[in-house]
Each structure stands twice: as structure tokens, then as C-alpha cells.
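The values are calculated or read from the model by the stated rules, or taken from the named source; none is laboratory data. If you're wondering where the values come from, they're calculated on a predicted model, not measured in any experiment. Virtual Cβ from ideal backbone geometry, glycine too; neighbours counted across all protein chains shown.
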Amino acid sequence: MKDKIYELKADILSALGHPNRLKILEFLKEGEQCNCDIYPALNLEQSNLSRHMKILQEAGIVSARKSGLRVYYKVIDPRIYDVIELVREIVKSNIQRNMDLLAQL
């Protein structure tokens, strides 16, 4: 059972592990969005967006709702943005640490 929990955690972290998926999540921060608005705004091919959205859905991060030919996506649990913010802070710290090392040269 513990292994399944680790797999579920890894699925979420893996889904966050692509720049386009992070961009998509930032785009969805304002609420539900149509696929027809997402892919042009992020300069993605529609097929590429669909592939990324499938990964985010399978990880339980976003949900989809069809309305005619359009698909609307939204973030299921906004706490995912807390995770993204923590990663941003870690990246910022890493950059600062590297700059401090560079300054010592």
C-alpha cells in the first residue's frame, strides 16, 4: 500500500516536470479555460496541448468538461499552486547560492 502512495505522489511531481505543463497551470490560475484559448496563448499546437492535458488529468491535477467541440479545463485543487510556489522559492535560492559562488571567483 505504501508503494502505491509513493507512485501517486510521483505521478503528481512527474506531471509538474515539464515547462509547458507549468505554463498551462499558470494560465489556469484565473479559473476554467477553453482549450481554444489555451493553446494559442501559450504558442502550443492543439495536439501538444491535448497530450499535456491528458498527463495533468491522469495525475488528478486538472479536470475537463466538454461543451460541443470545446473542452474546458480547470485545476481540481488550487493547493497545486502552493507546490509550484515552493519550487519557485527553491529555484530562487539555488540561483542565489550559485551567484554567491560565482562572486567568490
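Below are the figures for this structure:
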quantity	calculated
Scan of the range 17-53 for residues that are in contact with a strand residue (DSSP E or B) (Cβ under 6 Å, 6 or more places away or on another chain) and under 17 Å from Asp82 (Cβ atoms), ordered by number	Leu28
Residue in the range 65-74 that is charged (D, E, K, R), under 12 Å from the mean Cα position of the chain (by Cα), modelled with pLDDT of 95 or more and surrounded by 12 or more Cβ atoms within 10 Å (Cβ to Cβ) present	yes
